[in-house]
Every structure is written in structure tokens, then in C-alpha cells.
1. Under a plain spin-label model, where a point goes 7 Å from the Cα along Cα-to-Cβ, how far apart in nm are A:Arg202 and A:Met176?
2. Output ³J(HN,Hα) for segment B:101-118: one whole-Hz value per residue in order, computed from phi by the Karplus curve 6.51 cos²θ - 1.76 cosθ + 1.60 with θ = phi - 60°, and x for Gly and Pro.
3. If each DSSP helix of 4+ residues adds -39,500 (n - 2.57) and the sum is divided by the residues in chain A, what number results at 222 nm, nearest 500 deg cm²/dmol?
4. I'm a student and want to see the number: the projected area of the Cα convex hull of chain B, averaged over all directions, in nm².
5. Output ³J(HN,Hα) for segment B:231-239: one whole-Hz value per residue in order, computed from phi by the Karplus curve 6.51 cos²θ - 1.76 cosθ + 1.60 with θ = phi - 60°, and x for Gly and Pro.
6. Under 12 Å Cα-Cα from B:Lys50, which aspartates and glutamates qualify once same-chain neighbours fewer than 8 residues away are excluded?
7. For chain A, what is the convex hull (Cα atoms) projected area averaged across all directions, in square nanometres?
8. Compute for segment A:66-136: radius of gyration divided by Kirkwood radius, i.e. Rg/Rh, restricted to C-alpha atoms, rounded to two decimals.
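The values are calculated or read from the model by the stated rules, or taken from the named source; none is laboratory data. Here the structure is a predicted model, which is why all the values come from computation and not from measurement. Here the Cβ is made from the backbone with ideal geometry for all residues, glycine too, and neighbour counts use every protein chain on show. Side chains included, ligands, DNA and RNA excluded: accessible areas come from the protein's heavy atoms. Shrake-Rupley method; radii C 1.70, N 1.55, O 1.52, S 1.80 Å.
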Amino acid sequence: MELIRFFLERRGEVLSLSLEHLVLVVASTLMAALIAVPLGIVATRRARLGRWILGLANVVQTIPSLALIGFLIPLPILGGIGARTAMVVLVFYALLPIVRNTYTGITGVDPAIRQAALGMGLTDRQLLMRVELPLALPVIFAGLRVATVVSVGVATIAAYIGAGGLGSLIFRGINMLDNRLILAGAIPAALMALGADWGLGRVQRRLTPAGLRTERGSS
Amino acid sequence: MPSETGSSTVLEFDRVSFRVPDGPALVSELTLSVSEGESLMLLGRSGSGKTTTLRLINRLLDPSEGEVRVKGVATTAWDVIRLRRSIGYVIQEVGLFPHLDVERNIGMIPTLEKWERERVSGRVRELLELVGLAPDEFACRFPHELSGGQRQRVGVARALAADPPILLLDEPFGALDQITRIEMQQQFRQLQQRLRKTVVFVTHDIREAFLLGSRIALLEGGRLVANGTPEELRGSEHPEARIFLSSLNA
Ligand SMILES: Nc1ncnc2c1ncn2[C@@H]1O[C@H](COP(=O)(O)OP(=O)(O)OP(=O)(O)O)[C@@H](O)[C@H]1O
Ligand SMILES: [Mg+2]
């Protein structure tokens, strides 16, 4: 009860921080998609380069986010204190699931379908645009969904370098030893992650071509 | 593009071998030619190299040795996209595009060739009639809403879409029950009498080969072991030919 009152008193602040959080997540995930989808496509076209791209994306994923922030702070342009550095970190973490799903989505297209398309005289570009990408879209989108959910969590840490968002409530709560403040940041963040997962899951199902829905509707 | 009309040879294999790197030859020393309007049946048991031979024609594979010529020009000298668009191809697994309806499956190449929309849909209706599917009922269906036999008909219609002079069919009636198979064979015969395409038709069924072929090429282990009219094949002494012939009376 007390907690609810605490929330209601601060609903303005919680709401505006939630919005800030959301903007950070959406902007960074979209930016990551703009980089990751082309990278994933390139990886399917050049086997050697592809191994490098996927390997590198994997390595990035294993760096603890706080350490990555630490590395970035002294850097010019990409680094420093503030939302820009936070964006860079978030984009980094969102890359892997999207690159990997773009790659597996395209390489997972039934080889018979690819043979038929090539045999009838589609160019590589037409094969990609008219056959492979439409068929891989649900899988690519699943990667985007994972990236978004991960970003909601990572974005709370971004408050550490002054990027704002719900993390700033959490950090303030930690400093002031006030659990209510921590919860005021953590609960909306958790709800946002759940909401993103559910909402994007619905979109993903709608993107799945009818003929594929039962075989590989979600992944 | 080549427009040589002196000879009516449309397809030629000239001592063609194909091997995968560090592997055995899947096709060895194949020499074979197909004239305009002829239906060549590629007969052989599973793994004898039939599909590999077809893929050498539309350059899904390049020969390791020798040369495959289409209309007198080596496949490696053709613009590969132009080559493939002049050859209709029905793959063994049919391979319809699951995210596109029947109309857009069949209309894929005409659309890429920038035909006008009305012309494409007119052509699709014409082809659906040709392969025995009611256009109004089937044009808007997706592949998963078709039976196996209907899918194969759509596959044939798709291969015919841009009216290519050459047609490659890889066991197009393979996955069908006996009755539907016989029905499709009869329809294909009538179709071929009307269209007069140059056809290379892969089968492992000697009855089908006799029914539909003007000539039969028998493959064994990637080698051509017999090549002739059905009558000539009946007289062949080659052991593999005898095995196939004995299955006729079984
Ligand atoms: N990419 C490849 N690498 C290695 N071997 C291959 C490859 N593709 C096919 N083969 C082998 O080459 C042989 C001929 O294959 P092919 O697909 O041409 O046979 P087929 O006559 O079409 O058989 P089926 O009637 O079963 O379709 C087979 O033994 C097969 O295992
Ligand atoms: Mg085969």
C-alpha cells in the first residue's frame, strides 16, 4: 500500500523516465538493426567474412556491459559521459541477436526453394529480396525482439553515465538505501521488457507467411 | 545471343565430367546431344547422376572437364541469367515459393521480365488451364493449400511461364500415386505434342521413359551406358539396360 502511494506521488517522474528509457531502447535497437541486418546478409554471401562477422558479434556479447562502458568513457566521439555513450553500448549489445538471426533466417531457407529460384534465373539480388528475406523475416524479427528485451535491461545501467532513463531511479535508490526508489525504477523496466516481448511476439506471428506458420512460426 | 539455325541441335554434352573437389566424378565423359523438339528421357537408378546432369545444363553446376553447349554456345560463355531464363526448370522437390500464391509463383519470371500486369495474369490463367487447374479456384491459393499433385502441376506451369524453348524436368511426377501419375503422364504427352519444346526429362521409371520419350539415355554411376530410341533400348545388351527392361514385365 505504502509502495503504491509512493509510486503515485512520483508518477510524473516515473512516467517521464520511462519515456526516456523507451526512446533510448527504441532508437538504439533500430540503429542496431540498420547495421546488423546488412551485416547478417553479407555473412550469408561471403563465407570467410561471415565467420569473422559472427565471431566478432559473439565476442562483443561476452564483454560485461559495465566494462564496455568503462572502456568507452575515455574515448573521443563514441565515448564520454551521457546518452551518446549509452546508445553505443546499447547498439553493441543489440547487434548479435539481429546479425545471428538474419544469418540463420536466410541460411535456413529450404535449399530446394533456393535451387528453384536460381534455376529459373533470379539474380542474387532478386533471390535475396523476393525469396530469402521475406522467408527469413519472422526469424530476423525474432532477433529484433530479443535485442529489444535485452536493451531494456542494459539501458538501466546506462544511467550510470548519466543517460537518464529508469536506471537513474535505481541508482538513486541504491545510493539512498531506499528500496522503494529501486522498485520504482525496476518494476516499470520489467513491465516494459514483458510488454515489448509480448507486443513484438504478436507482430512476429503476423509477419510469418501462412504456409510457414506451423513449421517454424516462432523461434 | 546465338541464333545459329544451320543445325537443329539445341543441347550438347561434349565429353563432360563433373566432380566435387577431392571427390569422385558424379558424371564422367558424358557425350550426348538433343535436337530441337526432341524429348530426351534421362533414365537411371537413384544416385546415377541424373539431377547432376540436368544442373550442368542450366549452369547450376559447371563442368570440371568438357563443355556443355546450349544453342551452340558453351554454358560458361552465356550470360547465366539469360541462359536460365530461356530454360524452364522443374526441380525434383518442386520448390514452390511458400510465401507467394500460385499466381505470383507462376508469374515470377514474367514479372521480373517486366511484363505488364494484365499480361502476366492472363498468362497465368492460360497456364493453369493448360496444366488442368481451374484458374478461378487456384490462382489465389498458397502452396500449402495444394495437394502434392497440384503442386507439381503448378511447378510445371511456372517452368513454362516465359515460354522458354527448353524444358528440364526432374522427376516431375515422382511423388504421386500410381493413378494420378498415369493421368499426369497422359496430359504431359498431349501438352508436349502441342508445345514442341526441347525437353530433358529425368525419371527412374522405364515405363514413363517409354511413354514420354522420343529418345532414352540410360545413366549408370555417372556414365552413359545406352542412348537411343525406345526400340533401340529394347535391343540393348548392356546389363544395366537389361535390368531396367526386366522391370517392365515385372
Ligand atoms: N554436392 C555433392 N557432393 C558430393 N556428392 C554429391 C553431391 N551431389 C550429389 N552427389 C552424389 O552424386 C551422385 C549423383 O547424384 P544425383 O543427385 O545426380 O543422382 P540422381 O540420379 O538424381 O538420383 P535420384 O534419382 O535419387 O534423384 C549421388 O551418389 C550423390 O550422392
Ligand atoms: Mg535426382
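1. With each label point 7 Å from Cα toward Cβ, the separation is 3.6 nm.
2. After applying 6.51 cos²θ - 1.76 cosθ + 1.60, I find 6, 4, 4, 6, 4, 5, x, 3, 5, x, 5, 5, 7, 6, 5, 6, 4, 5 Hz.
3. Values: 10 runs with 169 residues, N = 219.
My calculation for chain A gives -26000 deg cm²/dmol from helical runs alone.
4. Numbers: hull surface 56.9 nm².
In nm², the orientation-averaged hull projection of chain B is 14.2.
5. 4, 5, 5, 4, x, 5, 9, 4, x
6. Correct list for B:Lys50: B:Asp170, B:Glu171, B:Glu220.
7. Numbers: hull surface 57.6 nm².
Result: a mean projected hull area of 14.4 nm².
8. Working: Rg = 19.2 Å, Rh = 14.8 Å.
Expressed as Rg/Rh, it is 1.30.
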